[in-house]
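Engineer: Structure in structure tokens, see below.
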Amino acid sequence: MSIVTAWAPGSVSNVSSGFDVLGFAIEEPGDRVTATREDAAGVRITEVRGDDGRLPRGAGENTAGVAARQLLAHRGDPFGVSLVLEKGMPLASGLGSSAASAVAALVAVDALFDSPTPREVLLRCAMEGERIACGTGHADNVAPSLYGGFVLVRGRGESVRVDSLPVPPELWCAVVHPHLEVPTREARSKLPDRVALADAVAQAGNVAALVAGLAVGDTELLASGIEDRFAEPVRTDAVPGFAAAKAAAGDAGACGCGLSGSGPTMFAFAPDRSAAEHVAVAMREALARAGAGDGTDLWISRVGVPGARVL
Ligand code: HSE
């Protein structure tokens, strides 16, 4: 093939207590990239749509371009590519927007080759995109966007490892995005260098409860593990009404609620679709009362849906 379009989903990373190690794919929103094989070597970004002109067009600055360059280099640069990136996601939203662009570009470019590249290689290429976008090559957005599902990511660089976690089939998620922006790079600059032992112990217990709750389908256990002692305490100030929205989610029947990635988007688990819709509306109302942004986007998704695909 000489031209391929791929789509990659956004993702909820951290999932509160799983800071930098947990993430899951959501049904929408996501990004789309069309890759065209070119005789001239290298990567060119010929068009970016849906970003109001805000994203860099240079292949060395744009996460999609960086990831595509990494992949071509890995494959020996046998041809070049031009990319058209269609942003379907809000920027700086905490939904893995930069990751979705990188992953969609990789899946599209990879389909131009006669044989597929191992997924672990694509993952590492996408992590380089994250490094450009936010300063660190964390994988808790790129891994769920690429692999789909609910994943555990550990290790860095060459030693990164991804494991898929079991998810109860009836688990749904409300994704609530107040119209605010929180660049991940800035959110990471606020993180503490060290955490207290008591917080580390609590966090280990919470993430274990979260994963065990997922594995056995115990939503009460799951909800008890959705508390982050590392990042959320220094990040929720950026979301007016965060505490009220979390309380509203609980009152409306959510089983766990927190920041999606570095925010401002919030996620909440719910035991079925209609509960997730109810929870989302309650959160939106609480955020509106607190004056969080000039509006809110809502998405309702099953948890741990398939990852990126060629269209
Ligand atoms: N784990 C990352 C962070 C995700 O919290 O900084 C960013 O979306």
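Engineer: How do Val211, Val15, Val201 stack up against each other in accessible area, from largest to smallest, with a 1.4 angstrom probe? Please report the intermediate quantities before stating the final value.
Structural biologist: Numbers: Val211 45, Val15 0, Val201 95 Å².
Descending order: Val201, Val211, Val15.
Engineer: For the stretch 137-185, give the percent of accessible area contributed by carbon and sulfur heavy atoms, probe 1.4 Å, rounded to a whole number. Show your work: numbers first, answer last.
Structural biologist: Numbers: 1000 of 1870 Å².
Percent of accessible area from carbon and sulfur atoms in the stretch 137-185: 53.
Engineer: Which of Cys257, Cys173, Cys134 moves the most in a Gaussian network model of the chain with Cα springs under 10 Å?
Structural biologist: Largest GNM mean-square fluctuation: Cys134.
Engineer: Using a Gaussian network model of the chain whose springs link C-alpha atoms within less than 10 Å, name the residue from Glu158, Glu120, Glu130 with the highest mean-square fluctuation.
Structural biologist: Glu158
Engineer: I would also like to ask the following. May I ask you to list the trypsin sites (Lys or Arg not before Pro) in the stretch 46-142 that are in a DSSP loop and have at most 13 other Cβ atoms within 10 Å of their Cβ? All intermediate terms of the calculation are to be shown ahead of the outcome.
Structural biologist: Values: sites: Arg49, Arg54, Arg57, Arg69, Arg75, Lys87, Arg119, Arg124, Arg131; in loops: Arg54, Arg57, Arg75, Lys87.
Passing sites in the stretch 46-142 are Arg54.
Engineer: Counting only other residues whose beta carbon sits under 14 Å from that of Ser262, what net charge do I get with K and R as +1, D and E as -1? If you can, show how the numbers build up before the last one.
Structural biologist: Numbers: positive: Arg185, Arg188, Lys190, Arg235; negative: Asp20, Glu130, Asp140, Glu181, Glu186, Asp228, Glu232, Asp237.
Once all neighbours under 14 Å are counted, the net charge is -4.
Engineer: Once you sort the root eigenvalues of the Cα gyration tensor of the stretch 172-302 as a ≥ b ≥ c, which label holds: rounded (a/c under 1.5), prolate (a/b larger than b/c) or oblate (the other case)? Mind dumping the intermediate values first?
Structural biologist: Numbers: a/c = 2.08, a/b = 1.07, b/c = 1.95.
Judged from the Cα gyration tensor, the stretch 172-302 comes out oblate (a/c at least 1.5, b/c at or above a/b).
Engineer: Now for a separate question. Can you check what the net charge comes to around Ile300, using other residues whose Cβ is under 10 Å from the Cβ of Ile300 (Lys, Arg +1; Asp, Glu -1)? Walk me through the numbers before you get to the answer.
Structural biologist: Details: positive: Arg273, Arg302; negative: Glu27, Glu28, Glu277.
The answer is -1.
Engineer: Compute the distance in nm between two label points, each set 7 Å from the Cα along the Cα-to-Cβ direction, one at Arg273 and one at Met1.
Structural biologist: A separation of 2.9 nm, rounded to one decimal place.
Engineer: Right, something else. Can you tell which of Glu186, Glu277, Glu232 shows the greatest fluctuation in a Gaussian network model of the chain with Cα springs below 10 Å?
Structural biologist: With Cα springs under 10 Å in the chain, the top fluctuation among Glu186, Glu277, Glu232 is at Glu186.
Engineer: So which chymotrypsin sites (Phe, Trp or Tyr not before Pro) in the stretch 213-281 end up in coil per DSSP with only 15 or fewer other C-beta atoms within 10 Å? Before the final figure, lay out the partial values.
Structural biologist: Numbers: sites: Phe230, Phe242, Phe267, Phe269; in loops: Phe230.
Sites meeting the loop and neighbour criteria: none at all.
Engineer: Output the relative contact order of the chain, whole-number percent, from Cα pairs under 8 angstrom with separation of 6+ residues.
Structural biologist: 25
Engineer: I've got another one for you. Determine the sum of side-chain charges near Ala276: Lys and Arg each +1, Asp and Glu each -1, restricted to other residues whose C-beta is under 11 angstrom from that of Ala276. Can you show the working numbers first?
Structural biologist: Numbers: positive: Arg273, Arg302; negative: Glu170, Asp272, Glu277.
With Lys, Arg at +1 and Asp, Glu at -1, the neighbours total -1.
Engineer: Taking only protein heavy atoms into account and a 1.4 Å probe, give the accessible area per residue of the chain in Å². Each step should come with its number before you reach the end.
Structural biologist: Numbers: 12420 Å² over 311 residues.
Using a 1.4 Å probe on heavy atoms only, each residue of the chain averages 40 Å².
Engineer: Same structure again: Report the antiparallel proportion of the DSSP beta bridges in the chain as a percent, rounded to a multiple of 5. If you can, show how the numbers build up before the last one.
Structural biologist: Values: 42 of 48 bridges.
Once the DSSP bridges in the chain are tallied, antiparallel ones form about 90 percent.
Engineer: With a/c under 1.5 counting as rounded, go ahead and sort the chain into rounded, prolate or oblate using the C-alpha gyration tensor (a ≥ b ≥ c being the square roots of the eigenvalues; past the cut-off, prolate if a/b is larger than b/c, else oblate). Mind dumping the intermediate values first?
Structural biologist: Working: a/c = 1.81, a/b = 1.64, b/c = 1.11.
Prolate, since a/c reaches 1.5 and a/b exceeds b/c.
Engineer: Tell me the carbon and sulfur percent of the accessible area for the stretch 229-311, rounded to whole percent, probe radius 1.4 Å.
Structural biologist: The nonpolar share, carbon plus sulfur, comes to 51 percent.
Engineer: On to the next question. Pairing the Cα long axis of helix 63-74 with the longest principal axis of the chain, what angle in degrees results, from 0 to 90 and rounded to the nearest 10?
Structural biologist: 50
Engineer: Here's something else I'd like to know. Explain nothing, just the number: dipole magnitude of the chain about its Cα centre with +1 on each Lys and Arg Cβ and -1 on each Asp and Glu Cβ, in debye rounded to the nearest 20. Show your work: numbers first, answer last.
Structural biologist: Numbers: 27 positive and 37 negative charges, 100 e Å.
Value, rounded to 20: 480 debye.
The values are calculated or read from the model by the stated rules, or taken from the named source; none is laboratory data. Computed from a predicted model, the values in this text were never measured in an experiment. All Cβ positions, even for glycine, are placed from backbone atoms using ideal geometry, and neighbour counts span all protein chains on display. Ligands, DNA and RNA are excluded from the accessible area calculation, which covers all protein heavy atoms including side chains. Shrake-Rupley method; radii C 1.70, N 1.55, O 1.52, S 1.80 Å.
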